[in-house]
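Here it is: the structure, laid out below.
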């Protein structure tokens with residue numbers, strides 16, 4: 001009887017330990033997942049893969065996956081392959097590769113139209129922008145835009161698309177209804193416009209160059225309002241969905257620069273590790289996600305405190321990031 005009692009106590013103790021362990025693991029996972037209120041998709045340049053967060057699920061893609069974008073409904077993800085001059089399409093829920101579409105030489109930045117029906121792809125080596133119809137899964141129009149188009153951003157109403165011309169010191173403006181380039185706005189003082197984002201009201205473009213500057217361009221007047229020094233090297237740039245902050249990385253440095261979107265002044269430089277490139281805020285403007293290319297990781301910055309709160313190891317040169325709810 002005593003032996004059976006002892007065994008029973010041991011079994012109960014083992015079960016309680018197992019339950020406690022599961023609770024601790026689940027709590028840890030829940031805390032980690034709390035940083036991602038919406039899914040995020042990160043290109044891994046060297047392995048040609050995409051990492052999905054939360055959960056760090058790895059998808060297989062194509063050679064040198066570089067830029068990525070997600071449909072407004074969160075169902076489809078696309079990524080560019082400059083090595084192939086193509087665009088890959090994925091199911092956002094399963095990671096299944098649905099198609100690959102040839103665009104043109106050195107496909108770089110790409111973006112879904114606000115209605116999610118088309119993808120505009122910057123072909124840096126061909127000086128063109130390809131328009132891909134998502135339903136037909138084919139290029140339906142090619143637009144000549146100027147020297148070295150690198151990345152693209154749609155106006156909030158979707159009527160225009162703005163393209164950085166890295167080799168022409170300009171911002172190409174595309175009429176999306178007519179599917180033609182209407183004009184180029186000179187980016188005076190920003191000789192190599194690289195990546196870009198819009199202010200919340202859509203009246204101002206924040207342009208990151210390839211060296212260490214951010215230019216603030218008034219779209220209506222075409223005047224450069226201000227140029228600010230930031231970290232060294234090219235990088236992504238993101239205006240938080242609430243319109244309060246502008247963040248940019250620095251691939252040849254170790255900082256993310258924080259700019260007040262209203263005063264246009266630098267508020268802080270956050271040490272994150274060497275080689276920050278892709279930057280994207282969560283849809284609720286609570287966290288910022290940053291790809292660290294040299295240190296092979298992704299860091300999470302608390303936007304309230306402007307401090308790094310989490311780091312996820314991630315191999316193979318994490319490059320760009322797309323977040324559901326933040327185009």
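We did not get these values from a lab; they are worked out from the coordinates using the rules stated. This structure is a prediction, so every number in the text was calculated from the model and none was measured. All Cβ positions, glycine included, derive from the backbone under ideal geometry; neighbour counts span all protein chains shown.
Set the Förster radius R0 to 51 Å, insert the Cβ-Cβ distance between residue 263 and residue 135 as r into 1/(1 + (r/R0)^6), and round the FRET efficiency to 0.05. Provide the component values of the computation, followed by the final result.
Values: r = 44 Å, r/R0 = 0.86.
Computed FRET efficiency for residue 263 and residue 135 comes out at 0.70.
Tell me the Kirkwood radius of the chain: reciprocal of the mean inverse pair distance over distinct alpha-carbon atoms, in Å. If you can, show how the numbers build up before the last one.
Details: mean 1/r = 0.0493 Å⁻¹.
Taking every pair of different Cα atoms in the chain, averaging 1/r and inverting gives 20.3 Å.
I would also like to ask the following. Using the Cα atoms of the range 122-279, I'd like the radius of gyration and the largest Cα-Cα distance, Dmax, both in angstrom.
Radius of gyration, then largest Cα-Cα span, for the range 122-279: 15.4, 46 Å.
In percent, what relative contact order does the range 163-231 have, based on Cα pairs under 8 Å that are 6 or more apart in sequence?
Details: 150 pairs, mean separation 15.6, N = 69.
For the range 163-231, the relative contact order is 23 percent.
Please state the relative contact order of the chain as a whole percent: Cα pairs under 8 Å, 6+ residues apart?
It comes to 11 percent, rounded to a whole number.
Turning to a different aspect of this structure: What is the order of 175, 197, 295, fewest Cβ neighbours within 10 Å to most? Working shown, then result.
Details: 175 14, 197 25, 295 18.
In increasing order of surrounding Cβ atoms, one gets 175, 295, 197.
Further question: At a Förster distance of 30 Å, what's the computed FRET efficiency of residue 226 paired with residue 142, Cβ-Cβ distance as r, to 0.05? All intermediate terms of the calculation are to be shown ahead of the outcome.
Values: r = 35 Å, r/R0 = 1.16.
FRET efficiency, residue 226 to residue 142: 0.30.
Could you work out the relative contact order of the range 131-200? I mean the mean sequence separation of Cα pairs under 8 Å and 6+ apart, divided by the number of residues, in percent. It would help to have the intermediate numbers written out before the result.
On the way: 139 pairs, mean separation 18.2, N = 70.
Here the relative contact order equals 26 percent.
If you don't mind, another one. In whole Å, how far is the Cα centre of the range 178-228 from that of the range 100-125?
20
How many angstrom separate the Cα center of the range 239-312 from the Cα center of the range 39-94?
Rounded to whole Å, the Cα centres lie 21 Å apart.
In degrees, nearest 10, range 0 to 90: what is the angle between the Cα axis of helix 2-33 and the longest Cα principal axis of the chain?
10
Assuming a viscosity of 1.002 mPa s and a temperature of 20 °C, what translational diffusion coefficient in µm² per second does Stokes-Einstein assign to the range 36-77, Rh being the Kirkwood radius over Cα pairs? Let's see the in-between values first.
Working: Rh = 10.6 Å.
In µm²/s, the coefficient rounds to 202.
At a 10 Å Cβ-Cβ cut-off, how would you order 137, 310, fewest neighbours first? Numbers along the way, then the final one.
Numbers: 137 13, 310 16.
In increasing order of surrounding Cβ atoms, one gets 137, 310.
Of the peptides 51-64, 236-249, how do they stack up when ordered by the mean number of other Cβ atoms within 10 Å, highest first?
Values: 51-64: 17.6, 236-249: 22.4.
Output ranking for 51-64, 236-249: 236-249, 51-64.
Using the Cα atoms as the points, what is the convex hull volume per residue of the range 77-168 in Å³? Before the final figure, lay out each step's value.
On the way: hull volume 7.9 nm³, N = 92.
Spelled out: Cα convex hull of the range 77-168, divided by residues, is 86 Å³.
Rounded, prolate or oblate for the range 197-279? Axes are the square roots of the Cα gyration tensor eigenvalues, ordered a ≥ b ≥ c, and the cut-off for rounded is a/c under 1.5.
Details: a/c = 2.05, a/b = 1.62, b/c = 1.27.
Prolate is the answer for the range 197-279, as a/c is 1.5 or above and a/b outweighs b/c.
Which value, to two decimals, describes the C-alpha radius of gyration of the range 251-313 once divided by 2.2 N^0.38 Å? Kindly include the intermediate steps, with their values, before the conclusion.
Values: Rg = 11.3 Å, N = 63, 2.2 N^0.38 = 10.6 Å.
Dividing the Cα Rg of the range 251-313 by 2.2 N^0.38 Å gives 1.06.
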